[in-house]
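First the structure, in the form of structure tokens, and then the observations on it.
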Amino acid sequence: DATFRGDVTIEGNLTISNSVSQTISFGDNDKLKFGDSQDLQLFHNGTHSLIENHTGDLYVTNFNNDGDIIFRSDDGSGDVTAYITLDGGSEKTKLDKPLLLKDSVAVQLGTGTDATLYHSGGEGTLQNYTGNFRFIQSQDNGDIQFFSDDGSGGTTEYFRVDGGSENVLFSKLIKLSDNVELRVGD
């Protein structure tokens, strides 16, 4: 057993083979370092708290069966709330707060980046690169509605695929350019 009171300076390595039952305090920029080359470091720089990895990948792993990894932060009113949950029970990544992507940062879907959704700062784009592009509404009698500006600061429906009546309904005029045919029937 060893008891330390006040400041203690240890040169060389310190091995703790049991548990520490009191607080160990480190000053600003004092680092807790792991690895032969001290590649993993935890410290507070006086303003921010940092976890730094200087080699290889950094893994955060929860081995608890159906356990979660929860990233929490301030909720704007002095408490904390979950922002991202890696849910081990449902095998899903759950976002508990809105995800904001800056201009021209795309959501990429598919192993080969088969589809993207992004906003350039001037316009939004949803683009498919592989196979067909499908809109599917699985709600019984549900609709797929297409809205746009109404010319006076609001939005209005231009057309919809009406699942209840099994029709495509147009709420605005259909205008065909010169030399564009409207073909009906076989």
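The values are calculated or read from the model by the stated rules, or taken from the named source; none is laboratory data. Just so we're clear, the structure is a prediction, and the values are computed from it rather than from any experiment. Reconstructed Cβ throughout: ideal geometry from the backbone, glycine too, with neighbour counts over all protein chains shown. Only protein heavy atoms, including side chains, enter the accessible area calculation; ligands, DNA and RNA are left aside. Shrake-Rupley method; radii C 1.70, N 1.55, O 1.52, S 1.80 Å.
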| query | Restricted to the stretch 127-146, and to residues that are touching a strand residue (DSSP E or B) at 6+ places or on another chain (Cβ under 7 Å) and open to solvent by less than 100 Å² (accessible area, probe 1.4 Å), which residue is farthest from Ser104 (Cα to Cα)? | reply | Asp143
| query | Residue check: is Gly185 without any contact (Cβ under 8 Å) to a residue 40 or more places away in the chain, open to solvent by less than 90 Å² (accessible area, probe 1.4 Å), out of contact with any strand residue (DSSP E or B) (no Cβ under 7 Å at 6 or more places or on another chain) and on the phi > 0 side of the Ramachandran plot? | reply | yes
| query | Based on what the data block shows, is Ser77 without any contact (Cβ under 8 Å) to a residue 12 or more places away in the chain and closer than 30 Å to Glu166 by Cα? | reply | no
| Among (1) modelled with pLDDT of 95 or more; (2) over 30 Å from Thr3 (Cβ atoms) - the single one Gly121 does not satisfy | (1)
| message | Between a residue in the stretch 91-116 that is at positive phi and any residue that is surrounded by 13 or more Cβ atoms within 10 Å (Cβ to Cβ) and not acidic (Asp, Glu), which pairs come within a Cβ distance under 9 Å, given they are 6 or more apart or on different chains? | response | Ser104/Tyr118; Ser104/His119; Thr113/Ala106
| Matching residues in the stretch 147-170 - criterion: being in contact (Cβ under 8 Å) with a residue 12 or more places away in the chain, out of contact with any Ser or Thr (no Cβ under 9 Å at 6 or more places or on another chain) and surrounded by fewer than 13 Cβ atoms within 10 Å (Cβ to Cβ) | Gly164, Phe170
